[in-house]
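Here's the structure we're looking at; comments come further down.
The values are calculated or read from the model by the stated rules, or taken from the named source; none is laboratory data. It should be emphasised that the depicted structure is a prediction, and the values quoted were computed from it without experimental measurement. Positions of Cβ are backbone-derived with ideal geometry, glycine not excepted, and every protein chain shown enters the neighbour counts. When the accessible area is computed, the model is the full protein with side chains, heavy atoms only, and any ligands, DNA or RNA have been set aside. Shrake-Rupley method; radii C 1.70, N 1.55, O 1.52, S 1.80 Å.
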Amino acid sequence: MTKIAHSVLLNAPVEDVFKYASDWKKWEEWFEGVSKFEPTTDLPHGNGARYKYEAKVMKTTAIIETEIFDFKENVGWKGKATKGMEHGTFWNFEDLGNNTTKFTYGLEYKLPIPFIGNWIDSKWVRPQWDKIIQNSLQNISKILNQ
């Protein structure tokens with residue numbers, strides 16, 4: 001299982017960061033490589049909400065659905081794929097005081113390729129995900145640190 005997590009410090013109160021980052025309508029603005037978000041449940045936010053979207057990695061586009069759980073306002077949540085590529089995510093928001101928030105995004109996945117999956121992951125897939133996550137966190141930083 002590959003686990004990746006990156007953080008960014010944002011010059012905004014945790015409530016503002018959480019409000020922006022938890023709004024699925026805003027994800028295309030800052031999260032690199034994802035598009036066409038739409039809720040697939042009547043819940044637009046919080047535990048049990050599900051979102052269908054397209055994710056582009058290594059020049060391949062996959063349709064994915066993710067369900068939100070362990071949702072805590074201004075603290076974070078976890079997501080688990082219900083359709084598409086198997087993966088899990090976590091979104092953590094830490095109030096550091098003085099209108100500063102540490103936002104951490106994490107991803108867990110396993111390539112379903114016998115024998116050479118770990119090699120492919122370390123050589124191509126993980127570096128691509130590292131770049132996507134880091135760029136996405138830089139994007140949200142540019143938006144919220146204006």
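How big is the Kirkwood radius of region 63-146, worked out from every pair of different alpha carbons and given in Å to one decimal?
Details: mean 1/r = 0.0679 Å⁻¹.
Result for region 63-146 stands at 14.7 Å.
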Counting only protein heavy atoms with a 1.4 Å probe and every protein chain in place, the carbon and sulfur fraction of the accessible surface of region 1-77 in whole percent equals 50 percent
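Only Lys, Arg, Asp and Glu count, each charged at its Cβ (+1, +1, -1, -1), so figure out the dipole size of region 6-146 about its Cα centre, rounded to 20 debye.
Details: 18 positive and 19 negative charges, 98 e Å.
Computed about the Cα centre, the dipole is about 460 debye.
What FRET efficiency, computed as 1/(1 + (r/R0)^6) with R0 = 25 Å and r the Cβ-Cβ distance, is obtained for SER35 and ILE4, rounded to the nearest 0.05?
On the way: r = 21 Å, r/R0 = 0.83.
Working from the Cβ atoms, E equals 0.75.
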log10 I(q)/I(0) for region 62-103, Debye formula on C-alpha points only (no solvent), q = 0.27 Å⁻¹, two decimals, reads -0.86
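Taking only C-alpha pairs under 8 Å that are 6+ residues apart, what is the relative contact order of region 38-139 in percent? Please report the intermediate quantities before stating the final value.
Numbers: 158 pairs, mean separation 15.2, N = 102.
About 15 percent, as a whole number.
What whole-number value in Å² describes the accessible area per residue of region 36-131 for a 1.4 Å probe? Walk me through the intermediate numbers first.
On the way: 5980 Å² over 96 residues.
Normalised by residue count, the accessible surface of region 36-131 is 62 Å².
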Quick note, region 1-79: a/c under 1.5 would make it rounded; otherwise a/b > b/c is prolate and the rest oblate (a ≥ b ≥ c, C-alpha gyration tensor); here it is oblate
Placing +1 on each Lys and Arg Cβ and -1 on each Asp and Glu Cβ in the chain, then taking the dipole about the Cα centre, the residue among SER7, ILE116, ILE132 whose Cα reaches farthest towards the positive end is ILE116
In the list (1) 1.04; (2) 1.16; (3) 0.99, the entry giving Cα Rg over 2.2 N^0.38 Å computed from the coordinates is (1)
Probe 1.4 Å, all chains present, heavy atoms only: GLU54 accessible area in Å², nearest 10, is 50 Å²
So, with points 7 Å from each Cα along the Cβ direction, the LYS52-ASP16 label distance in nm works out to 3.6 nm
With -39,500 (n - 2.57) per DSSP H segment of 4 or more residues and division by the full residue count of the chain, the 222 nm estimate, nearest 500 deg cm²/dmol, is -6500 deg cm²/dmol
